[in-house]
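The values are calculated or read from the model by the stated rules, or taken from the named source; none is laboratory data. Computed from a predicted structure; not experimentally measured. Here the Cβ positions follow ideal geometry from the backbone for every residue, glycine too, while neighbour counts run over all protein chains shown.
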Amino acid sequence: MTDNETIITFKDVNFAYGEIQILKGLTFSIKRGEYLGVIGPNGGGKTTLLKILLGLIDPTGGTIEIFGKDIHRFTEWYRIGYVPQRAQEVEASFPATVEEVVRSGRTARKGIGHRFDHRDQLLVEDAMELTQVKKYRNTRIGALSGGERQRVFIARALAGEPAVLILDEPTTGIDIASEKAFYELLGKLNRDKKLTILFVTHDIDVIYHEAQSVLCLNHDMVCHGLSSDVLKEDVIKRLYGERATAVPHNPEHHHA
């Protein structure tokens, strides 16, 4: 396994609901250790792309390879960690503690009925340590803030030892300070753990400052490349229409 290895490949992928074409001729690849942001207008196909990548829906055309296997033959889904949109919106009365939620990430990896052993507990501890939620281990998840809960769900995904972490609109509903800390955590996981990260967002500024590369999606692929190279005004207009002028600002703010 080399650092430069391609781990996900989409080739001419289409998806349609009946007559409505959602994705058209999507071709791109993701390398091990890449930190990729996906942007595009509402209804442009971002969520559909994630569902296909997670094996939840089948494309209506094209081929996809994950870790060198055709997606229809791929069985190691535990290698892909997923934090869904609004994961942090847990009922205040939800009875699970932080540690129980993170431990459930091991169950997803090992399957129901497997005995929890010392190694599992170590991985749970590591995940809580990395995401700085260890101090809340016995706290009910519903008692935490949105930003803290978001970290718990990342810890849950990490406990499953994924090679790829996928996040859908990960900072929806959390405050600015939590969002900043959240992206610092993602950057650290990408740098220190060499974790491949793919996240969907509406925030062009976040993509520009946080992600190494960007996939611009509006049914077909508008652009794919280094964030600093492709996030130009003409691309933003092709994505969001002629009135859009939101180009990233404050380049010295870049965290990479």
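One table, with the values for the structure above:
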| quantity | calculated |
| --- | --- |
| Residue in segment 32-54 that is closer than 30 Å to A155 by Cβ and out of contact with any strand residue (DSSP E or B) (no Cβ under 8 Å at 6 or more places or on another chain) present | yes |
| Every pair of residues 6+ apart whose Cβ atoms lie under 8 Å, when the first sits in segment 31-47 and is part of a helix (DSSP H, G or I) while the second is hydrophobic (A, V, I, L, M, F, W, C) | K46/V38; K46/I39; K46/V200; K46/L217; T47/V200 |
| Pairs where the first residue, in segment 118-143, is free of Cβ contacts under 8 Å to residues at least 40 places away in the same chain and the second is loosely packed, with under 15 Cβ neighbours inside 10 Å, C-beta under 6 Å, 6+ apart | none |
| Looking only at segment 156-214, and only at residues there that are among the basic types (K, R) and outside any helix (DSSP H, G or I), the one that is surrounded by the most Cβ atoms within 10 Å (Cβ to Cβ) | K193 |
| Complete set of residues in segment 55-68 that are closer than 22 Å to T6 by Cβ and touching a strand residue (DSSP E or B) at 6+ places or on another chain (Cβ under 7 Å) | P59, G61, G62, T63, I64, E65, I66, F67 |
| Members of segment 130-150 found to be closer than 21 Å to R191 by Cβ and in contact with a Leu (Cβ under 7 Å, 6 or more places away or on another chain), listed by number | L130, T131 |
| Restricting segment 128-153 to residues that are at pLDDT 90 or above and of a type in the set (S, T, Y), the residue that is surrounded by the most Cβ atoms within 10 Å (Cβ to Cβ) | T131 |
| Tally, over segment 172-218, of residues that are hydroxyl-bearing (S, T, Y) and under 21 Å from R149 (Cα atoms) | 4 |
| Candidate set: segment 1-26, residues that are of a type in the set (S, T, Y) and under 19 Å from the mean Cα position of the chain (by Cα); chosen: the one modelled with the lowest pLDDT | T6 |
| Segment 118-155 - residue that is of a type in the set (S, T, Y) and part of a loop (DSSP other than H, G, I, E, B) and, of those, nearest to V206 (Cα to Cα) | T131 |
